[in-house]
Amino acid sequence: MTRMRTRLMVLYVLVAVMLAVLGVRLWQVQVVKGRQYVAAAAETRTRAVVVPAVRGQILDSSGRPLVRNRTALVVSVDRTSLTRMKNGGRDVLQKLGDVLGKPVGQLEKRIRSCGPGVTRPCWPGSPYQPIPIDDRVTTREALQILERQEEFPGVTAEVQAVRQYPQGTSGAQMVGYLQPVTQEELERRDGLKAGFSGVDLVGRDGLESVYDEALRGKPGLRRVQVDRLGKPLGLEQQVSPVPGDTLITSIDSRVQNVVQRAVDGAMNKAPKADGAAGVVLDARTGRVVALASAPGYDPTIWTGGISEKEYQTLLSDKAGKPLVSRAIKGEFAPGSTFKVSSVAAMLRSGYPLGGQYGCPGSFMVGDRPFNNFRGIGLGTLSLHTALVKSCDTIFYKSAYEQWLKDGGLHPKRPPKQPFENTARAFGFGRPTGIDLPGESAGRIPDRDWKKALWMQTSGVTCHRSRTGYPEVKDQARAAFLKRLAHENCLEGFLLRPGDAANFSIGQGDVLVTPLQLASAYAALVSDGRLRSPRVGWALVRPDGTPVRRIEVPVRGRLPISEKERLYIKGALSEVASDGTAAGAFSGFPMDKVRVGGKTGTAEVWGKEDTSWFASFAPTSKPRFVVVVMVSQGGMGGQTAAPAVREIYEGIYGIKRPAALSDGRTAARLPLIARDGTVAR
């Protein structure tokens, strides 16, 4: 009996304890965490849907679209939802593949995350956002998905705006492209996570990248009541998205197409050419009228995802790295186009503007002869004629003399380096600051650069001075390289006299970009002010309301007087008619449009010469600066100059319809009507 009572007491205690625990738990759920669970319960009845904003268009200076949007039905997959399903959602993907006519393996590749060892197609964006897998869905296919939502959990079909490129390959590197935002960017970039819709893309290059925030707009919000299967029951709240701003550029699409055809043609005509670039600037304002690079690519390749083969082609040397803009990122020795800086350096060093200078066929720089083009002497010349006829030995001599004044191999501290410092004042050796990403700085190889390079490379050169170059089959070449390595090992930190001489004619280690050269010439032939070129002209709302005008900043002034500047400009004005470009412009109507400029032929070891022509027109009051560069294109007068002629013929309508009816670019912004159309 006692044992029975004991068992009952234990049972009573256990029941009491369980009731107490249950009571405490109810108190926690209903009182302590009541609001939290109420909110969670409410969340299961509503879904917050972020509505993407329509991305702004990119227009040319007359309102023609460079980039616009097309409406498309897009099917997206929520990978997070799929991973929670049986078989990782493969059954859902199988059904989806049957509807879209795509193999399930292809869909699985599209939704996997990009990473080391993962080839494209893959998803480079955040794993927590919907992944678009098809942007060319028919209405029938979309309805099959939407009407049987219980069979396609985690799958959506929505109307979205997709980028369209009416100009095709023309200016593709300048325009840029879009890619999904990554999770790291969402966490790192201020304001991006809050303003990201989950299906938005961000600019990765070109104008799309620089003006991304303005173009992207602000997403809206839609709270929808749903049942347990996720089907919408009603709208609870709606905040409309704010469309992105429209970017109006200073690009004239007609001129852009003329330039793109010219550089493509110049590259195709030169048998070994591996790249080309063309730049057209408004000489008065510094705005970019056209910016072309070859080889190019079709920017629609990014729309809907890019395959591994396509992506590698964009980056491959064999294809010419079409993703890279040679206009702003390509660095090349400028050849004789650089002599405008060297003439200015001579004038700053005390050489008389009206002096007479000997132009022998060869000049001894130290113990080595430096020859004129083909070793031809031109007698005694003025600086004016030296530029027109492109004499080299005048510049060799002056550069060698200034090198000696700086102390030669035992430099004074600090050395004056007039040729190098003048080049920097012309804007070389630093980015122009254009509103495009990834611009190269070029290179001005002065004494400090030479020393820094030696410190980085002396270990390798000293090793090679001992081992030589057994992999080089040409014995004479191998012996030369070994001897050169020995010299560089011992005194590679010294700026030699040959370095100074080569620099004066744009050879050796000096590198510039086509845009830098165009910017320097624009300053030279206009008002002496060095500007930071701009492609963007203004941002406006889709209804035409102005947001802001994009000004062109002045970043310096050329280090020469007005008289000296006009003297150099006057000499260049005769190059196309009586100088090194006369052959290329034979028969050109100079009475209608007089063109000035400077040819450049830069030697590159083991390759064909780099072909240059930097020009301006009309010479009396220049409106345009046009620069063309063809890598491995040969002589400047044979490849680049004819391409420049073709551009001017296209602009002014010589032998073909004029890209600009009056030879002028748009002076006012295009008017955007309230409905988003261009009024003029």
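The values are calculated or read from the model by the stated rules, or taken from the named source; none is laboratory data. Just so we're clear, the structure is a prediction, and the values are computed from it rather than from any experiment. Because the Cβ atoms are built from the backbone with ideal geometry, glycine has one as well, and the counts that use them run over all protein chains shown. Side chains are part of the model used for accessible areas, which takes the heavy atoms of the whole protein and leaves out ligands, DNA and RNA. Shrake-Rupley method; radii C 1.70, N 1.55, O 1.52, S 1.80 Å.
Given a 1.4 Å probe and heavy atoms of the protein chains only, how would you sort TYR396, TYR469, largest accessible area at the top? All intermediate terms of the calculation are to be shown ahead of the outcome.
Values: TYR396 15, TYR469 55 Å².
Order by accessible area, largest first: TYR469, TYR396.
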Which of VAL155, ILE647, VAL279 sits closest to the plus end of the dipole of the chain, meaning its Cα is farthest towards the positive end, when Lys and Arg get +1 and Asp and Glu get -1 on the C-beta?
VAL155
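Going from most exposed to least, what order do SER519, SER586 have by accessible area with a 1.4 Å probe?
Values: SER519 5, SER586 80 Å².
In descending accessible area the options line up as SER586, SER519.
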Net charge near PRO546, counting Lys/Arg +1 and Asp/Glu -1 over other residues with Cβ under 13 Å of its Cβ?
+2
Kindly give the semi-axes, whole Å and largest first, of the ellipsoid equivalent to the stretch 574-634, taking each as the square root of 5 times a Cα gyration tensor eigenvalue.
25, 12, 8
Membrane-span-like helices in the chain: DSSP H runs reaching 30 Å or more (Cα, own axis), mean Kyte hydropathy at least -1.0?
2-27
Rounded to whole Å, give me the distance from the Cα center of the stretch 419-482 to that of the stretch 497-517.
12 Å
Under the rule a/c < 1.5 gives rounded, and otherwise a/b versus b/c splits prolate from oblate, where does the stretch 537-601 land using the Cα gyration tensor?
oblate
Charge sum, other residues only, whose C-beta stays under 13 Å from HIS486's C-beta, Lys/Arg counted +1 and Asp/Glu -1
+2
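Normalised by the residues of the chain, what does the relative contact order come to in percent, with Cα pairs under 8 Å and at least six apart?
Working: 1422 pairs, mean separation 99.7, N = 680.
It comes to 15 percent, rounded to a whole number.
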Expected sort for 349-355, 629-635 on mean C-beta neighbours within 10 Å, highest first, is 629-635, 349-355
Given the Cα-Cα distance of ASP367 and THR83 and 0.36 nm per residue of separation, how much length would full extension add, in nm?
94.8 nm
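Quick one: compute a quarter of the convex hull surface over the Cα atoms of the chain and quote it in nm².
On the way: hull surface 183.0 nm².
Average projection, Cα convex hull of the chain: 45.7 nm².
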Ordered by packing density, taken as the mean number of other Cβ atoms within 10 Å over each peptide's residues, highest first, how do 595-607, 111-123 rank?
595-607, 111-123
What dipole magnitude, in Debye to the nearest 20, does the stretch 416-549 give about its Cα centre under +1 on Lys/Arg Cβ and -1 on Asp/Glu Cβ?
120 debye
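Ranked highest first by average number of other Cβ atoms within 10 Å, how do 421-430, 507-516, 141-150 line up? The partial results should precede the final answer.
Numbers: 421-430: 21.6, 507-516: 25.6, 141-150: 15.0.
Put in order of decreasing packing, that is 507-516, 421-430, 141-150.
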Calculate the dipole size of the chain relative to its Cα centre from +1 charges on Lys and Arg beta carbons and -1 charges on Asp and Glu beta carbons; express the result in debye to the nearest 20.
1360 debye
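If Lys and Arg each add +1 and Asp and Glu each add -1, what is the summed charge of the other residues whose beta carbon sits under 13 Å from the beta carbon of ALA476? Please report the intermediate quantities before stating the final value.
Working: positive: LYS473, ARG477, LYS482, ARG483; negative: ASP474.
Taking every Cβ under 13 Å from that of ALA476, the sum is +3.
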Rounded, prolate or oblate, given the Cα gyration tensor of the stretch 412-571, with a/c below 1.5 counting as rounded?
prolate
What lysines sit close enough to LYS451 to cross-link, taking a C-alpha to C-alpha distance under 20 Å and skipping anything fewer than 8 places away on the same chain?
LYS405, LYS412, LYS416
Taking only protein heavy atoms and a 1.4 Å probe, the highest-to-lowest accessible-area order of LYS339, LYS655, LYS218 is LYS655, LYS218, LYS339
For the stretch 287-423, compute the orientation-averaged projected area of the C-alpha convex hull (one quarter of its surface), in nm².
13.5 nm²
Once you sort the root eigenvalues of the Cα gyration tensor of the stretch 528-680 as a ≥ b ≥ c, which label holds: rounded (a/c under 1.5), prolate (a/b larger than b/c) or oblate (the other case)?
prolate
Computed accessible area, TRP403, all protein chains, 1.4 angstrom probe, square angstrom
20 Å²
